[in-house]
Amino acid sequence: MLRKPVSVRNTNIVIGTTFRIDLSLAYESFGYHASMINKTCNFYKYASYINGEAQHHLNIDDVVTIQVADYGESYAVIKGIFKHKSNDGYFYPFIYVDWFEDVDKNHDKLDCPIFVLRHDDFYRNIFPLTVVDKVQKVHFVHNCNARCKDNHNSENKRYLKNDFFFKAI
């Protein structure tokens, strides 16, 4: 179930050629091979769904774990939740993500792995909603620098993976 519609202008997602190619690849991932006739996407703030016996709740800016072939467990931030009407007339839900890239370096004092949040199309950004393995399994903290005064400096894309974060039972 998708909730709270938002305007695409409020998502900072560019719907262009790369977006449409990624969307086509997302459809192919579940066996749907066709050119896309419909171009309209409806964006939302929240999504809830049941996969097997587990219920999932996704929000914009959630950090999620996605299993990626040839890479294993990877981390991403949900930047968009949307539905698209396919050629068969049904609506399918998708997520748009920005990836965390491990720079294979640890913070000098905290000894936490450093990641860079990528805002580009080097990796695929669109996936079916159900690829999310875990929500908030990991926790990332912005690696603030001198430019981060009242808000985080948007040019600083470095984050620390908090290995000491745990979920109370």
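Can you list the equivalent-ellipsoid semi-axes of the chain, largest first and in whole Å, using the square root of 5 times each Cα gyration tensor eigenvalue?
Result for the chain: semi-axes of 29, 18, 16 Å.
Between Rg and the Kirkwood Rh of the stretch 62-107, both from Cα atoms, what is the Rg to Rh ratio?
That ratio is 1.14, to two decimals.
What is the count of Lys pairs in the chain whose alpha carbons sit under 12 Å apart, if the two are 8 or more places apart or on different chains?
Qualifying lysine pairs in the chain: 8.
Hey, got the dipole for the chain? About the Cα centre, +1 on K and R Cβ, -1 on D and E Cβ, debye to the nearest 20?
720 debye
Using Cβ-Cβ distances only, list the Cys residues of the chain with no partner cysteine under 4.7 Å, sorted by number.
Singleton cysteines: CYS41, CYS112.
Which cross-chain or sequence-distant (5 or more) residues have an amide H under 5 Å from the amide H of GLY80, H modelled 1.01 Å from N in plane?
TYR96
Separation between the TYR32 and ARG158 pseudo-spin-labels, each 7 Å from Cα along Cα→Cβ, expressed in nm?
Each label point is offset 7 Å from its Cα along the Cβ direction, giving 4.1 nm.
To test your reading of the geometry: what angle, between 0 and 90 degrees and rounded to tens, separates the Cα axis of helix 17-29 from the longest principal axis of the chain?
So the helix axis and the longest Cα principal axis differ by about 80 degrees.
In 10 Å bins starting at 0, how do the alpha-carbon pair distances of the stretch 23-99 split up by percent?
16, 44, 36, 3
No value in this document is a laboratory result; all are computed from the given coordinates. Quick caveat: nothing in here was measured; it's all calculated off a predicted structure. Methodologically, a virtual Cβ is constructed for each residue, glycine included, from the backbone with ideal geometry; neighbour enumeration extends over all protein chains shown.
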